[in-house]
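One structure is given below, encoded as structure tokens.
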């Protein structure tokens, strides 16, 4: 059941479809028909959350389709390819409720299908919205580190801020760096060491 009046459900406690991440991992491939591909969701607290099968048809020049089977859910979602300003194209889900393009769809706890974040409105919130300002800063730094390390195939435990992945544009990397530095400034205002009071082990830092 979705959040009652006055309650907000955490999106991360449900299921997430990230089309760009699926493409990076080869689960879907622009220009091809793929599937079935098995995926699963896990949580550091709850453990295994669920498993699903995915199919995708991205063989057309402008429109495709995506199908997911998760338990009793069998949902088909339209895919659209939009031109990029610097050339090429980018594939998106089409939210079944808002008809807006989105790279990520969510199925919060109690929901019966995947939709865009805008569909759920104030009934849901991201995990970071439940955190204190200091915890949000630590969470933001960790999220940037994990994402860059995943792209660069590095161990996030060895890096505080990893170097630029080979294929990433410098402009994109510098945006990550500015956000990371903003989180550090927020921590400087609130605390001098990680939660628990003990300094963290020294880790490597990338950059130009």
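Name the one entry in 105, 53 that is assigned to a strand (DSSP E or B), assigned by TED's automatic domain parsing to the domain that holds residue 29 and surrounded by fewer than 17 Cβ atoms within 10 Å (Cβ to Cβ).
Checking each option against the conditions leaves just 53.
Name the residues in region 3-36 that are within 16 Å of residue 90 (Cβ to Cβ) and either at pLDDT below 70 or not assigned by TED's automatic domain parsing to the domain that holds residue 114 (or both), would you?
Across region 3-36, there are no qualifying residues.
What's the number of the only condition in (1) touching a helix residue (DSSP H, G or I) at 6+ places or on another chain (Cβ under 8 Å); (2) over 19 Å from residue 13 (Cβ atoms) that residue 94 fails to meet?
(1)
State the number of residues belonging to region 65-120 that are in contact with a strand residue (DSSP E or B) (Cβ under 8 Å, 6 or more places away or on another chain), at positive phi and without any contact (Cβ under 8 Å) to a residue 60 or more places away in the chain.
Qualifying residue count, region 65-120: 1.
Just to be sure, is residue 113 assigned by TED's automatic domain parsing to the domain that holds residue 66, at pLDDT 85 or above and not in a loop (DSSP other than H, G, I, E, B)?
no
Any residue that is touching a strand residue (DSSP E or B) at 6+ places or on another chain (Cβ under 7 Å), modelled with pLDDT of 85 or more and under 22 Å from residue 150 (Cβ atoms) - is there at least one of those in region 43-50?
yes
The values are calculated or read from the model by the stated rules, or taken from the named source; none is laboratory data. As the structure is a computational prediction, the values presented were derived from the model and not from experiment. Here the Cβ is made from the backbone with ideal geometry for all residues, glycine too, and neighbour counts use every protein chain on show.
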